[in-house]
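A short write-up of the structure that comes next.
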Amino acid sequence: MENEILIDLMVQLAGLEAERHRCLAAMDRDARAADLLEGLQAEYASDADTAAGRLQAARLEQRRVDKDLAELERVLERKRGLLARSRDPRETSALQREIAGLETRQDTLLAEACRLLEQVEEQDRAARDVDAEALEQERRAVARQAEIAEEHARLASALPEIEAEILRLKAMVPPAVGRHLQRLWDRQMLASVYENDGSCSACGSRLTPQKALSVQHGRELVKCPACARFVVHKPWH
Ligand SMILES: [Zn+2]
């Protein structure tokens with residue numbers, strides 16, 4: 001096979017390999033972005049659960065104090081009635097002490113009820129904020145996931161064509177070149193890459209000036225001295 005034809009094939013191959021690499025990298029990036037979105041959604045859902053749990057706990061506490069308070073008020077009323085009817089000075093003073101004690105307890109419970117009311121209102125606001133955020137996040141995530149799925153489908157359908165074209169070109173090059181390509185591919189490496197300013201664009205190693213010229217003029221098929229990839233010129237047109 002004439003060098004010129006071989007090099008032309010290798011230039012096409014380098015372009016296809018670069019495209020395949022870009023495709024795979026984009027699919028990998030998309031997969032990671034989708035994972036991240038899922039993780040984020042789980043986080044928001046867990047925050048919403050936590051906020052709802054706090055609100056429920058505050059409401060339970062509020063109901064408990066309200067019940068205690070109602071019960072205490074019934075007792076107080078009963079004691080006040082007894083006091084009004086009491087004719088025995090000892091009983092009267094005992095009832096007065098008892099009522100004073102209950103009134104102190106009532107003040108404490110009222111203060112607690114106020115505090116709990118504020119707490120419930122605050123937890124309710126917090127829970128609604130978290131819910132709204134989770135909903136907004138979900139809306140964004142659904143839109144982004146649709147974009148990712150669309151891109152994934154586009155890349156996944158482009159890939160087989162690129163692969164087929166790569167294999168078609170590989171079948172056309174001399175067997176020794178084909179074997180070397182396969183060895184590099186087996187190691188998940190790009191096998192043919194463009195020359196860039198006298199260097200291998202994959203590993204950055206400099207070619208000798210003579211080799212660089214040969215590559216640039218498409219005279220000779222050159223391997224990078226460092227990474228053994230085929231180094232070819234960029235397409236001329
Ligand atoms: Zn190299």
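Here is the list for segment 1-86: GluC sites (Glu not before Pro) lying in DSSP coil, each with at most 13 other C-beta atoms within 10 angstrom of its C-beta, are 2. Spatially, segment 195-228 and segment 1-66 are offset by 37 Å when compared through their Cα centroids. For the options 23, 224, 114, a Gaussian network treatment of the chain with springs between C-alpha atoms closer than 10 Å singles out 114 as fluctuating the most. Between 152, 21, 217, where does the largest GNM mean-square fluctuation fall for the chain, given springs only between Cα atoms within less than 10 Å? Residue with maximal mean-square fluctuation among 152, 21, 217: 217. Legend: residues 49, 131, sorted from most to least accessible area (1.4 Å probe; ligands, DNA and RNA excluded), read 49, 131.
Cysteines in the chain that lack a partner Cβ within the 4.7 Å cut-off: 23, 114. The listed residues 105, 20, once ranked by accessible area (1.4 Å probe) with the largest placed first, stand as 105, 20.
Across the options 9, 174, 83, the greatest Cα extent toward the positive end of the charge dipole of the chain (unit charges at beta carbon of Lys, Arg, Asp, Glu) belongs to 174. Lysine pair count for the chain (Cα-Cα distance under 24 Å; residues 8 or more apart in sequence or on different chains): 7. Take residue 40: with every protein chain present and a 1.4 Å probe, its accessible area is about 70 Å². Remark: segment 8-23, residue by residue, has Karplus-estimated 3J(HN,Hα) of 4, 4, 5, 5, 4, 5, 4, x, 5, 5, 5, 5, 4, 4, 4, 4 Hz, where x stands for each Gly or Pro and the curve is 6.51 cos²θ - 1.76 cosθ + 1.60 at θ = phi - 60°. Pull out a ≥ b ≥ c, the square roots of the eigenvalues of the alpha-carbon gyration tensor of the chain, then state rounded if a/c is under 1.5, prolate if not and a/b is larger than b/c, and oblate in the remaining case. Verdict is prolate for the chain.
Under a Cβ-Cβ cut-off of 14 Å, what is the net charge of the residues other than residue 90 that fall near it, where Lys and Arg count +1 and Asp and Glu count -1? Surrounding charge for residue 90 is -1.
Only protein heavy atoms count here; on that basis, with a 1.4 Å probe, residue 88 has an accessible area of about 80 Å². For a quick check, take a GNM of the chain with Cα springs below 10 Å and name the residue from 218, 198, 81 with the largest mean-square fluctuation. The residue that fluctuates most here is 81.
Based on DSSP H segments of at least four residues, each scored -39500 (n - 2.57), the chain has a per-residue ellipticity at 222 nm of -29500 deg cm²/dmol.
Using R₀ = 45 Å, calculate the FRET efficiency as 1/(1 + (r/R₀)^6) where r is the Cβ-Cβ separation of residue 24 and residue 128; round to 0.05. After rounding, the FRET efficiency stands at 0.55. Site pair residue 199 and residue 140 shows an inter-label distance of 3.8 nm when each label is modelled 7 Å from Cα along Cα→Cβ. Work out the charge dipole of segment 22-172 with +1 on the Cβ of Lys and Arg and -1 on the Cβ of Asp and Glu about the Cα centre, then indicate which of 117, 51, 153 is farthest towards its positive end. Of the listed residues, the answer is 117. Potential lengthening of the chain between residue 50 and residue 8 amounts to 8.8 nm, from the contour at 0.36 nm per residue minus the alpha-carbon distance. If we count every other residue with Cβ under 12 angstrom of residue 47's Cβ, Lys/Arg +1 and Asp/Glu -1, where does the sum land? With Lys, Arg at +1 and Asp, Glu at -1, the net is -4. Phi-derived couplings, Karplus 6.51 cos²θ - 1.76 cosθ + 1.60 at θ = phi - 60°, listed residue by residue for segment 141-151: 5, 4, 5, 5, 5, 5, 4, 4, 4, 5, 5 Hz, with x used for Gly and Pro. Looking at the chain, the DSSP beta bridges with both ends there are about 60 percent antiparallel.
The values are calculated or read from the model by the stated rules, or taken from the named source; none is laboratory data. Just so you know, these numbers come straight off a predicted model, no measurement behind them. Heads up, the Cβs are rebuilt from the backbone with ideal geometry, glycines too, and the neighbour counts pull from every protein chain shown. The area values use the complete protein model at the heavy-atom level, side chains included, leaving out ligands, DNA and RNA. Shrake-Rupley method; radii C 1.70, N 1.55, O 1.52, S 1.80 Å.
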